[in-house]
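These notes are about the structure you will find just below.
The values are calculated or read from the model by the stated rules, or taken from the named source; none is laboratory data. The structure presented is a predicted model; accordingly, all values stated were derived computationally and were not measured. Note that each Cβ is placed from the backbone with ideal geometry, even for glycine, and that neighbours are counted across all protein chains shown. We work out accessible area using only protein heavy atoms, side chains counted, and drop any ligands, DNA or RNA first. Shrake-Rupley method; radii C 1.70, N 1.55, O 1.52, S 1.80 Å.
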Amino acid sequence: MHHSNYLYPPTPVNPAAASPSPAGALTLAQEKQVAAAAALRWVRDGMLLGLGTGSTSAQFIIQLGAAVQNGLKVQGTATSLASEALARQLGIPLVEPRRGLRFDLAVDGADELDGQLRLIKGGGGALLREKVLETASDYLVVIGDSSKLVPVLGRFPLPLEVVPFALPWVLDAVEALGGAPVVRMAQPGAAEHYFSDQKNLLVDCHFGQILEPERLAAQLKTIPGIVEHGLFLGLAKAAIVVRDGAALVLRPGETARPATEFAELP
């Protein structure tokens, strides 16, 4: 493609220097760059993009910005104030939310994903806007390093966005479901709560293993005061994860295949 020369090199000059892992192995940060570059190959002129939030999504936005500087014509809407600021700084044209707006492609990270491409998201605190945009997208691609793919969801604490007034009752209800809820703080050890872009609280639920994500999602939806939960079910159509330095494409319930096999969206 006309902007491929802007992709990050897949490996640094001396990966061993950057990483305690075996010589030639990529750090997680480098894996994020490789996954982002693989997703960028599927972006086409004229696309309207949903821009995710988090360290992996930031890699995608940075590479997209370089491609836009090199002539790629796209527009996007960001899932957080942080991603919006990054996209604006890089010259990516942004679109305000409006009725009838649908995205050709959304690209975002995940805290965990399983073989069915069910996700836990919200570690970065942007789960509400992410779910809104990704539900309004024709195609969601999840990009992640090798640590994100898990056999069972739930080791990563499940985030909830909660209206402050409702917090005590939400904590009671989640505890009754076995969720061991913890209110997120602005920084570890800080006295102030973390607030979302909507000025709501985040609650991290330690279920350990979520054996029936669909059932839990339905239960959480009945609790008043939970604005949104971090289970993203039936939304991701493909994921790009990096294993042994190479980008692999996962589709729900299918065997992983090299990303190089897919010139277009899978």
Give the residue that is surrounded by the fewest Cβ atoms within 10 Å (Cβ to Cβ), with candidates limited to residues of the range 194-234 that are farther than 19 Å from Val183 by Cα and among the β-branched types (Val, Ile, Thr). Thr222
For residues that are of a type in the set (A, V, I, L, M, F, W, C), over 13 Å from the mean Cα position of the chain (by Cα) and open to solvent by 10 Å² or more (accessible area, probe 1.4 Å), tally how many sit in the range 39-65. 3
Per-region count, the range 177-198, residues free of Cβ contacts under 8 Å to residues at least 24 places away in the same chain, out of contact with any His (no Cβ under 8 Å at 6 or more places or on another chain) and assigned to a loop (DSSP other than H, G, I, E, B): 6
For Asn70, are the conditions met, namely being over 26 Å from Phe232 (Cα atoms), open to solvent by less than 60 Å² (accessible area, probe 1.4 Å) and either modelled with pLDDT under 95 or more than 15 Å from the chain's Cα centre (by Cα) (or both)? yes
One residue is enough: does the range 150-161 have a residue meeting the conditions outside any loop (DSSP other than H, G, I, E, B) and without any contact (Cβ under 8 Å) to a residue 60 or more places away in the chain? no
Inspect all residues belonging to the range 150-160 and state whether any of them is of a type in the set (Gly, Ala, Ser) and surrounded by fewer than 17 Cβ atoms within 10 Å (Cβ to Cβ). no
Please go through the range 247-262 and give me each residue that is small (Gly, Ala, Ser), surrounded by 12 or more Cβ atoms within 10 Å (Cβ to Cβ) and in contact (Cβ under 8 Å) with a residue 24 or more places away in the chain, ordered by number. Ala247, Ala259
